[in-house]
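Taken together, the values in this text are just the output of simple stated rules run on the coordinates, not laboratory data. Just so it is clear, the model here is predicted, and its values are computed rather than measured. Note: ideal-geometry Cβ built from the backbone for every residue, glycine included; neighbour counts use all protein chains shown.
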Amino acid sequence: MSRINDNISLSIPNKPEYVSVIRLTVTAIANRMGFDIEKIEDIKVAVAEACTNAITHGKNDTDNFFVEFSIDEEKLVIKVCDSGKGCATNCIKNPDLTLLNEGGLGVFIIKSLMDDVNINSDLGKGTTIIMTKFLGDDM
């Protein structure tokens, strides 16, 4: 039996209207892998939040951000990379949910919906959010 180890890479214009393309792509990939509808919805929301962050913090609307899907029998790993100003990842804190402010919830939402999340950022070089969702029982 051969192991599945497929990678799909996309370069996306740094514009909000293209987030729906990524949502449709991840839906098709997750469905093909066998994720149930609830997990697919969670993945779609997390990916949309990561893409929105990439667009918001990317350099400008003439640049692209990148999305990579790594697929195997056990999990889906999604990387969203921008070439923006970057940030100090140790300064990302959980939001105060008693204060309803617009913005600032993206990373919190991503972490609550995905099984594993890593954020790598270099000041002046951009940010990569790596999200993993395991197929099967909840982790």
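Taking every pair of distinct Cα atoms and averaging 1/r, then inverting, what Kirkwood hydrodynamic radius in Å comes out for the range 15-86?
12.7 Å
Pairs Lys15/Lys133; Lys39/Lys125; Lys75/Lys125; Lys15/Lys85; Lys44/Lys75: which exceed 20 Å Cα-Cα?
Lys15/Lys133; Lys39/Lys125; Lys75/Lys125
Glu68 versus Val45, label points 7 Å from Cα toward the beta carbon: distance in nm?
Going from the Glu68 label point to the Val45 one covers 2.8 nm.
Can you list the HN-Hα couplings for the range 113-128, worked out from phi with the Karplus curve (6.51, -1.76, 1.60; θ = phi - 60°), rounded to whole Hz and with x for Gly and Pro?
Values per residue, Gly and Pro as x: 9, 9, 6, 8, 9, 10, 10, 10, 8, 10, 4, x, 10, x, 9, 10 Hz.
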